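The values are calculated or read from the model by the stated rules, or taken from the named source; none is laboratory data. The shown structure was predicted, so the numbers you read here are calculated from the model rather than taken from an experiment. As a convention, Cβ positions derive from the backbone with ideal geometry for all residues, glycine included, and neighbour counts pool all protein chains shown.
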């Protein structure tokens, strides 16, 4: 789905190393798999960024990657900045969208469409493969 989501956007690259790796996948393991000289940007919603200090080896994540933060409704910027203190964080200048992965999965589970909330290619993939459908 990530490949479909970024297709045609030349400044994004979908990488499947986490899917190919066996066992538990931690963000820090993924970051370590890139060369040290590579500049990495980890894009997180403000809600996830606020919780980053609880992640596995969070201090190294903050050292290894720039954290690009997407504003989220109801999440205070000061709270996120405090959580990421010592890290390299930048706030993306975007509207606060009420769209998240958990919202999209819930919509599908409840039989509601996610069309127009994701790219058409992603919507079709989710629909055609029965992802997140009620069990």
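Filtering segment 36-58 to residues that are in contact (Cβ under 8 Å) with a residue 40 or more places away in the chain, closer than 16 Å to residue 88 by Cβ and either over 16 Å from the mean Cα position of the chain (by Cα) or not in a helix (DSSP H, G or I) (or both) leaves only 43.
Within segment 89-107, not a single residue is loosely packed, with under 11 Cβ neighbours inside 10 Å and more than 24 Å from residue 6 (Cβ to Cβ).
Being without any contact (Cβ under 8 Å) to a residue 24 or more places away in the chain, assigned to a helix (DSSP H, G or I) and over 28 Å from residue 121 (Cβ atoms) is the requirement here; does residue 79 meet it? If you could, list the steps in order and put the result at the bottom.
On the way: without any contact (Cβ under 8 Å) to a residue 24 or more places away in the chain: no; assigned to a helix (DSSP H, G or I): yes; over 28 Å from residue 121 (Cβ atoms): yes.
In short, no.
Among the conditions (1) within 18 Å of the chain's Cα centre (by Cα); (2) in the same structural domain as residue 40 (by TED's automatic domain parsing), residue 126 misses just one, which is (2). Residues that are within 29 Å of residue 123 (Cβ to Cβ), in a helix (DSSP H, G or I) and not assigned by TED's automatic domain parsing to the domain that holds residue 114 do occur in segment 26-35.
In segment 29-50, the residue that is nearest to residue 86 (Cα to Cα) out of those that are surrounded by fewer than 17 Cβ atoms within 10 Å (Cβ to Cβ) and in contact with a helix residue (DSSP H, G or I) (Cβ under 7 Å, 6 or more places away or on another chain) is 40.
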